[in-house]
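Below is one structure, written out as structure tokens; comments come after it.
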Amino acid sequence: MSCCLPHSTGAGEAVNGIKDYKNLDVLTQEDASFLIFCPPLADGFLFLKLYMKTGDARAIWLDYLRSFVTLLVVAHHAALAYPTFAYFDPTHYIYSTAPIVDDNRWSGLDTFISFNDLFFMPLMFLISGLFVYRGLAKKGIRAYLIDRFIRLGIPFLIAEVILIPIAYAPTFYQVTQSTDFTTFIKDYSLVQQWPVGPPWFIWLLVAFDGVAVLIFKWRKSFYIGVGYWLARLSKRPVYLSAVIYGVVAISLIPLSLWVGQYTWVGNWGPFDFQLNRLLFYLVFFLLGSCLGATDWQNYLFSQNRLFGKDRLVWLVVCLGCFLLFVIISRAGATWVKQGYMTSTEGYFLYDVVFVASCLASMGACISFFKQSITRPLTGWNSLSANAYGIYVVHYGFVTWLQFALLSVNVPAIVKFVIVFLGALSLSWLSSRLLRRSTVVSRVL
């Protein structure tokens, strides 16, 4: 393939042509394609120049959005003890819907869990991806991987060896009434196959970072090229939305229909993950990586509005898509039972609206925080600084509080609020105390 732009006589002329751009926002689709397929160009000056265009300044609203998703994670785990669909297997509690399942239930938490599950982890992977290209460009592959091991690998190991076993200890006691440590460890590691818990997200980030590094090593210009191709498409928001929907749907639906909905690998111990969503999460991570290689906020937002639409518009779209998701889910289940469609067709219909609701919910969250956060807020600053620490340590507080409330006769919603606020407060405090150490602050 010839490495040159239209009307260019060779690669050298092409390089000079692009290096003369004063404003990289005018990069054409042909130029973006050129960047993807001309690796030598990305090895030199232009690669750094394009990177510098994105700047180093962190967006406060983005940090606040990430901390908000962390709140959703804590709330999600706090709620899992109380939905009407909760199930507990006393022999293999790893197969239960949650480590602690209460007899008190509330259908409202079914809705909350269902809505949360649509988008909060895809959004977390998207946000995480936004910082990948910047890190690789500044640090280089070796330093980037070392940093990822420190920031992700060490917390994952500590969580899996210490924190997650502590989180499952009340479950073991509930089932066996035993406090014998050796028996617990034997059951935890052999019978229960070493449950992964929430750190599955951390180890998948490590794996996805590995994929990102391979792409960066193979073709550095990939992220810039795709990023500016998306910038070009953003001038036609409907078309861009359709492209993103199509890619996301392809990443989720075929694999879900093949291996089953909500299917985990199941025998990988602390390296377990949700198999049917592997490509789904990877797509959002790489999408974030490509966006992060460009000045993405300038072309996705107009006057702080996503695609120029007000946050209230996105909220209506979000709620409308979720309502459609609920209606189609229930109708599809009925149609399958009545024989109007096969289970495969029913699940296909479910996934089609799942993707739409996922993207609409993500758009609503992104739009709300971008439009609403105009200045730093003290409380959010603290939450943002401790969000990662909260994610790492919260699970044990959640399960022990749920266990402590098992015999308390109050409505499920009251228990949920107590567990959520209690776990959040204790996790937040723990993170703040731990981060007083210079060594720990480098990790959390």
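The values are calculated or read from the model by the stated rules, or taken from the named source; none is laboratory data. Quick caveat, the model's predicted, so the values are computed rather than measured. Cβ sites come from the backbone with ideal geometry, for glycine too, and all protein chains shown count toward neighbours.
Couple of notes before you dig in:
- Considering the conditions (1) modelled with pLDDT of 90 or more; (2) part of a loop (DSSP other than H, G, I, E, B), Gly246 is excluded by exactly one of them, (2).
- Subset tally (residues that are surrounded by 14 or more Cβ atoms within 10 Å (Cβ to Cβ) and among the hydroxyl-bearing types (Ser, Thr, Tyr)) for the stretch 313-339: 1
- Candidate set from the stretch 244-283 (those that are under 14 Å from the mean Cα position of the chain (by Cα) and not hydrophobic (A, V, I, L, M, F, W, C)); member that is farthest from Thr97 (Cα to Cα): Tyr281
- Filter result for the condition that a residue is in contact (Cβ under 8 Å) with a residue 24 or more places away in the chain, of a type outside the set (D, E, K, R) and on the phi > 0 side of the Ramachandran plot, over Phe325, Phe285, Phe307, Phe271: Phe307
- Scanning the stretch 77-100 for residues that are surrounded by 20 or more Cβ atoms within 10 Å (Cβ to Cβ) and either touching an Asp or Glu at 6+ places or on another chain (Cβ under 9 Å) or part of a helix (DSSP H, G or I) (or both) turns up His77, Ala78, Ala79, Ala81, Tyr82, Pro83, Ala86, Tyr93.
- Looking across the stretch 395-444, the residues that are of a type in the set (A, V, I, L, M), crowded, with 18+ Cβ neighbours inside 10 Å and either in contact with a Gly (Cβ under 8 Å, 6 or more places away or on another chain) or touching a residue at least 60 places away in the same chain (Cβ under 8 Å) (or both) come down to Val398, Leu401, Leu405, Ala412, Val419, Ala423, Leu424, Val443, Leu444.
- Only listed residue being more than 21 Å from Val243 (Cβ to Cβ) and hydrophobic (A, V, I, L, M, F, W, C), chosen from Ala356, Ala364, Ala385, Ala360: Ala385
- Candidate set: the stretch 138-186, residues that are surrounded by 15 or more Cβ atoms within 10 Å (Cβ to Cβ) and of a type in the set (Lys, Arg); chosen: the one nearest to Phe216 (Cα to Cα): Arg148
- Per this entry, Asp102 is not counted among residues that are acidic (Asp, Glu), touching a Ser or Thr at 6+ places or on another chain (Cβ under 7 Å) and either over 19 Å from Arg134 (Cβ atoms) or modelled with pLDDT of 95 or more (or both).
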